[in-house]
Amino acid sequence: MQGLADQFEVSLMPVRDALKKLEAVNVIERHKNRRVVVKRLTIEDFEELLEIRMHLEILAAKKAARNCTEHSLRELKRIAAETEKTRNMSSFVKKNALFHQTIYRAAQSPILQEIIDGLWLRLRPYL
């Protein structure tokens, strides 16, 4: 942990808190030797997480359609246009995540967003 704290130039407390949060949503696992690793997903786990995320995102999109403001709609259109022009994979992944996050915020459903965010965290190392 000290290595991470040094790398990010922070104290141990924020590193410890971040690791606890990642462990709580099954992104990482701690080994007995105090080593922390990204939890490996089987193909079946990956497919199940994608299926669950798809169903929850449909729910979020329906809620967003009911609650969407003009500002949110303009923002989604802007992000979608930027994403279409993107040729760099790293930029595409970031724009795609921003597009989805904008939909989740428009859904105005904090618990749903928290659950979806946890699924994204588990899938992100594999994107």
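Some observations on this one:
- If you run the Gaussian network model on the chain, springs between alpha carbon atoms under 10 Å, then out of SER11, SER72, SER91 the most flexible one is SER11.
- Farthest positive-ward along the range 1-105 dipole, Cα basis, beta-carbon charges - from PHE92, MET13, ILE28: MET13
- Within the accessible area of the range 1-67 (1.4 Å probe), percent carbon and sulfur: 55
- At q = 0.13, 0.14, 0.31 Å⁻¹, base-10 log of I(q)/I(0) for the range 49-107 (Debye sum, equal scatterers on each alpha carbon): -0.35, -0.41, -1.15
- Each helix, a run of at least 4 DSSP H residues, gives -39500 (n - 2.57); summed and divided by the residues of the chain, these come to -24500 deg cm²/dmol at 222 nm.
- Using the 1.4 Å probe convention, the accessible area of the chain works out to 73 Å² per residue with neighbouring protein chains retained.
- Remark on the chain: hydrodynamic radius 16.6 angstrom, per the Kirkwood mean of 1/r across alpha carbon pairs.
- Once the C-beta distance of SER90 and LEU50 is scaled by a Förster radius of 25 Å, the resulting FRET efficiency is 0.75 to the nearest 0.05.
- Among VAL38, VAL15, VAL27: highest mean-square fluctuation, GNM of the chain, C-alpha pairs under 10 Å: VAL15
- Cross-link pairs beyond the 28 Å C-alpha cut-off, checked among LYS39/LYS77; LYS39/LYS62; LYS21/LYS77; LYS39/LYS95: LYS39/LYS77; LYS39/LYS62; LYS21/LYS77
- About the centre of its Cα atoms, the chain shows a dipole size close to 180 debye [charges on the beta carbon of Lys, Arg (+1) and Asp, Glu (-1) only; nearest 20 debye].
- Exposed loop sites were defined as trypsin sites (Lys or Arg not before Pro) in DSSP loop states (anything but H, G, I, E or B) carrying at most 11 other C-beta atoms within 10 Å; in the chain the longest segment without such a site runs 41-86.
- In terms of Cα atoms, the Rg and Dmax of the range 1-67 work out to 16.9, 50 Å.
- Over the range 8-127, Cα pairs under 8 Å with separation of 6+ residues give a relative contact order of 31 percent.
The values are calculated or read from the model by the stated rules, or taken from the named source; none is laboratory data. Please read these numbers as outputs of a predicted model, since none were measured by experiment. Quick reminder, even Gly has a Cβ in these numbers, built from the backbone with ideal geometry, and neighbours come from all protein chains shown. Note: areas computed on protein heavy atoms with side chains; ligands, DNA, RNA excluded. Shrake-Rupley method; radii C 1.70, N 1.55, O 1.52, S 1.80 Å.
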